């Protein structure tokens, strides 16, 4: 099936630092979503992006829908220990609601 | 708490067996989606139901089937289980079945096949 390439696969950061992760595809997507998954829990929606070039924030999180519609970026500013978890990007191609997920970025924050 | 409930939380069974996973969507949501999350495959879309009818199919095996009942809860049936079916199974729901309507995930059912 379609693949979303998410990078990095994992990352360590120091508390207070900013972090960035991205998702790329060879196909165009009409919607990009970012989810966070804590251990033993289901993914929680963080940010949804609907237009190419769109930049949206949710607290310390900022995500962008790439101009080419083939990529998206998530930035977390001033990371804190509770940011630890796995972040997934997801893309939607058409009017149906099927999501394609990236492989996830595991974030670890050192206090 | 997303409002989506799934039971059971954990399930351990043997190869060749059949199990049923249950999902109740958020109040007011008509669409239910099933996903499989395994270590080597990430989150894979299986199937979507909207108001009782199948809406979209993803990478769902023929050994797996699902249905959505009049009260909108959904069940995912997995039969002739294999070791490789061990995974987390998530249900998500949304108000409708179309784009621009986001999906909210339940806590998942962890299936272990021994």
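Some points to look at:
- Extreme residue, nearest to residue A:40 (Cα to Cα), among residues of the range B:84-93 that are part of a strand (DSSP E or B) and more than 8 Å from chain A (Cβ to nearest Cβ): B:88
- So residue B:81, is it in contact with a helix residue (DSSP H, G or I) (Cβ under 9 Å, 6 or more places away or on another chain) and over 23 Å from residue A:44 (Cβ atoms): no
- Residue match in the range B:41-51 (condition: within 14 Å of another protein chain (Cβ to nearest Cβ), out of contact with any helix residue (DSSP H, G or I) (no Cβ under 8 Å at 6 or more places or on another chain) and surrounded by fewer than 17 Cβ atoms within 10 Å (Cβ to Cβ)): yes
Condition check ((1) at pLDDT 95 or above; (2) touching a strand residue (DSSP E or B) at 6+ places or on another chain (Cβ under 8 Å)) across all residues:
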position	(1), (2)
A:48	no, yes
A:59	yes, no
A:72	yes, yes
A:83	yes, yes
A:92	no, yes
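- Per this entry, residue B:64 is not counted among residues that are facing chain A (nearest Cβ under 8 Å) and at pLDDT 95 or above.
- Out of B:81, B:21, one residue alone is in a strand (DSSP E or B) and surrounded by 16 or more Cβ atoms within 10 Å (Cβ to Cβ). It is B:21.
- Strands (runs of 3 or more DSSP E) fully within the range A:27-111 counting 3 or more residues that are away from chain B (no Cβ under 14 Å): A:61-65, A:71-76, A:105-110
- Residues of the range B:94-114 classified as more than 10 Å from chain A (Cβ to nearest Cβ) and at pLDDT below 95, total: 1
The values are calculated or read from the model by the stated rules, or taken from the named source; none is laboratory data. Since this is a predicted model, take the numbers as computed values, not measurements. Backbone-built Cβ (ideal geometry, glycine too); neighbour counts: all protein chains shown.
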